[in-house]
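S.K.: Quick one: this structure, given as structure tokens, is what I'll be asking you about.
The values are calculated or read from the model by the stated rules, or taken from the named source; none is laboratory data. Note that the structure is a prediction, hence the values are computed from the model and not measured. Cβ: placed from backbone, ideal geometry, glycine included. Neighbour counts: every protein chain shown. The protein model used for the area step is the full one, side chains on, heavy atoms only, and it has no ligands, DNA or RNA in it. Shrake-Rupley method; radii C 1.70, N 1.55, O 1.52, S 1.80 Å.
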Amino acid sequence: MAANKLILAGVLSLATVIVAFVFWRYVWFFRNPERHAPSGQNIVSPADGTVVYVKEFKPGDDVMVIKQGVSATIKDIVREDLDDYRILIGVFMSPFNVHYNRSPISGKIDFIKHYPAKLRNLHMGDMHLRTILGLLPFHENSPHIIENERTVTRISGKLNDQDLSVYVVQIAAKNVNGIDSYKAPHQHVDKGEVFGMIRIGSQVDMITRSVPNMKIRVKPGDSVRAGETILID
């Protein structure tokens, strides 16, 4: 009798785990809660998650040192040369964050470019663990930042009544099933509007140039919500 109870308990526990996984993977993961973008001219987060770096740099500068002997330039991240002073903000999305990505500004989509991994998609386990434990710098030992598959979307709009382009870089994790784009080049997108998603754990970087009176409102370790949290105003 006791053995039967143990077997039954084991079966029920396994069934619970399976049901929970299926619910998370095929229902909870695809949740898309309503978001309300803040008014005014500002730049909001393109992703839910944890801010892993906030970098200001000049053309040709290394943006960060990932590990000994491995550094990252902005070209490594966005896959093109940018010719003026830039700001980079990275957001890491754990498997439990909402994975729909939202436009940081209102404007026109200039282009959407997809780039395969340099060799193969690397895991993001180090960054995930460091964000959980609060270990700075979060980007340490995370070569996925420059190696992995990515989609780069450039959106042109305004900030402080000045023309401004924002690059959104969706970076795939090792086991990602795809990077989705729901918009097309030359389409208009509103600030906070969904424009794509990345399936399972991943990262989203945002790059823009500096304009007068610009203020960065976040720092590494901050939790942000796509379409609502102001990154820059």
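S.K.: Mind telling me which of the residues Ile66, Ile77, Ile89 ends up being touching a Pro at 6+ places or on another chain (Cβ under 6 Å) and aliphatic (A, V, I, L, M)?
M.R.: Numbers: Ile77 fails: touching a Pro at 6+ places or on another chain (Cβ under 6 Å); Ile89 fails: touching a Pro at 6+ places or on another chain (Cβ under 6 Å).
Going through Ile66, Ile77, Ile89 in turn, just one is touching a Pro at 6+ places or on another chain (Cβ under 6 Å) and aliphatic (A, V, I, L, M): Ile66.
S.K.: So, one more: Which members of the stretch 200-214 meet the condition of being assigned to a loop (DSSP other than H, G, I, E, B), in contact with a strand residue (DSSP E or B) (Cβ under 7 Å, 6 or more places away or on another chain) and open to solvent by 40 Å² or more (accessible area, probe 1.4 Å)? Before you say what the answer is, go through the steps one by one.
M.R.: In the first step, residues of the stretch 200-214 are kept if they are assigned to a loop (DSSP other than H, G, I, E, B); the result is 200-201, 210-214.
With the extra rule that they be in contact with a strand residue (DSSP E or B) (Cβ under 7 Å, 6 or more places away or on another chain), the set shrinks to 201, 210-211, 214.
Scanning the stretch 200-214 gives a single hit, Ser210.
S.K.: I would also like to ask the following. Return the total of residues in the stretch 184-199 being in a loop (DSSP other than H, G, I, E, B) and over 17 Å from the mean Cα position of the chain (by Cα).
M.R.: Step one: of the stretch 184-199, the residues in a loop (DSSP other than H, G, I, E, B) are 184-187, 190-193, 199.
Adding the requirement that they be over 17 Å from the mean Cα position of the chain (by Cα) leaves 184-187, 190.
Number of matching residues: 5.
S.K.: Among what's in the stretch 164-178 and is open to solvent by 30 Å² or more (accessible area, probe 1.4 Å) and touching a residue at least 24 places away in the same chain (Cβ under 8 Å), pick the residue that is farthest from Ile146 (Cα to Cα). Give the steps one after another, and end with the answer.
M.R.: Taking the stretch 164-178 and keeping what is open to solvent by 30 Å² or more (accessible area, probe 1.4 Å), we get 165, 174-175, 177.
Imposing the further condition that a residue be touching a residue at least 24 places away in the same chain (Cβ under 8 Å) reduces the set to 165, 174-175.
Values: Ser165: 21, Lys174: 13, Asn175: 17 Å.
Per the stated criteria, the residue is Ser165.
This table checks each residue for (1) open to solvent by 30 Å² or more (accessible area, probe 1.4 Å); (2) modelled with pLDDT of 95 or more; (3) polar (S, T, N, Q); (4) farther than 23 Å from Val218 by Cβ.
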site: His99; (1), (2), (3), (4): no, no, no, no
site: Pro104; (1), (2), (3), (4): no, yes, no, no
site: Ile112; (1), (2), (3), (4): yes, yes, no, yes
site: Glu140; (1), (2), (3), (4): yes, yes, no, no
site: Thr151; (1), (2), (3), (4): no, yes, yes, no
site: Ile155; (1), (2), (3), (4): no, yes, no, no
site: Gln162; (1), (2), (3), (4): yes, no, yes, no
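Condition check ((1) touching a Ser or Thr at 6+ places or on another chain (Cβ under 6 Å); (2) without any contact (Cβ under 8 Å) to a residue 60 or more places away in the chain; (3) closer than 18 Å to Arg130 by Cβ) across all residues:
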site: Pro38; (1), (2), (3): no, no, no
site: Lys55; (1), (2), (3): no, yes, yes
site: Val65; (1), (2), (3): yes, yes, yes
site: Val70; (1), (2), (3): no, no, yes
